[in-house]
Amino acid sequence: MKHVKGGLDRHAVLDELMQAYGKDVWNFAFFMTHRRELADDITQDVFIKVFEHLYNFRGQSSVKTWLLAITRNTARDVLRSAWIRRVTLMPSRHAQQQTHASAEQETIDKLMTEQVWGVVLKLPAKLREVMLLSSHYGLSMNEMADMLGVSTGTVKSRLHRGRAAVNRKLSEDAMLTGEEKWT
């Protein structure tokens, strides 16, 4: 039996949402939990919630923002009840480049991206969260503010503090690496 309301087939809409945003939901869940199996479970829970509450979506935000907010809340609930406290590195995600870089440049870019995300993952959760939502998911300040339930000014402040902390740590690491080379 199909669930149809207002001419919309919930199963078809859910399939479209899963195709369009499933990877983003999983990646965000993995970012928050650092565990593949938890990301799998959270993603499944998110889309069950979406299916159950599909007709309650009011359109006050983009669908992507709505899904990421559900993912965030679900992951936070899991983390509150979970025994997990271990942090693992998230694999780097590269945007495809229009031109082909040399193998050497690709390796350098990959190492730098991994280094940056390694630093980001060590930031406090509030800073880490806005860095990911901005850099990886491309959410606007207003979308992040709505999703996180804070003011736009708070989002700007967290982004600024997060970027400053990453830059400071990368500079420190670069100076240490330079010192090691010459000692």
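Yes or no, residue by residue, for (1) open to solvent by less than 60 Å² (accessible area, probe 1.4 Å); (2) farther than 20 Å from Arg76 by Cα:
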residue	(1), (2)
Leu127	yes, no
Val130	yes, no
Ser134	yes, no
Met144	yes, no
Arg161	no, yes
Ala165	yes, yes
Lys169	no, yes
Of all residues being touching a Lys or Arg at 6+ places or on another chain (Cβ under 8 Å) and modelled with pLDDT under 90 in segment 11-30, which is surrounded by the most Cβ atoms within 10 Å (Cβ to Cβ)? Just the residue, please. Phe30
What are the pairs with Cβ atoms under 7 angstrom where one residue, in segment 19-38, is without any contact (Cβ under 8 Å) to a residue 40 or more places away in the chain and the other, located anywhere, is assigned to a helix (DSSP H, G or I)? Sequence gap at least six, or different chains. Gly22/Thr43; Trp26/Ala39; Trp26/Thr43; Arg36/Phe30
In this structure, does Glu172 turn out to be assigned to a helix (DSSP H, G or I), within 20 Å of Val25 (Cα to Cα) and modelled with pLDDT of 75 or more? no
If you go through segment 33-48, how many residues are modelled with pLDDT of 85 or more and open to solvent by less than 70 Å² (accessible area, probe 1.4 Å)? 7
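Listed here are the residues, each with its yes/no results for (1) of a type in the set (A, V, I, L, M); (2) out of contact with any Phe, Trp or Tyr (no Cβ under 8 Å at 6 or more places or on another chain); (3) in a helix (DSSP H, G or I).
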| position | (1), (2), (3) |
| --- | --- |
| Met32 | yes, yes, yes |
| Ala39 | yes, no, yes |
| Thr43 | no, no, yes |
| Val46 | yes, yes, yes |
| Lys49 | no, yes, yes |
| Glu52 | no, yes, yes |
| Gln60 | no, yes, no |
| Thr65 | no, yes, yes |
| Ala69 | yes, yes, yes |
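The values are calculated or read from the model by the stated rules, or taken from the named source; none is laboratory data. It should be emphasised that the depicted structure is a prediction, and the values quoted were computed from it without experimental measurement. Note: ideal-geometry Cβ built from the backbone for every residue, glycine included; neighbour counts use all protein chains shown. To get the accessible areas, we keep the full protein, side chains included, count just its heavy atoms, and leave off ligands, DNA and RNA. Shrake-Rupley method; radii C 1.70, N 1.55, O 1.52, S 1.80 Å.
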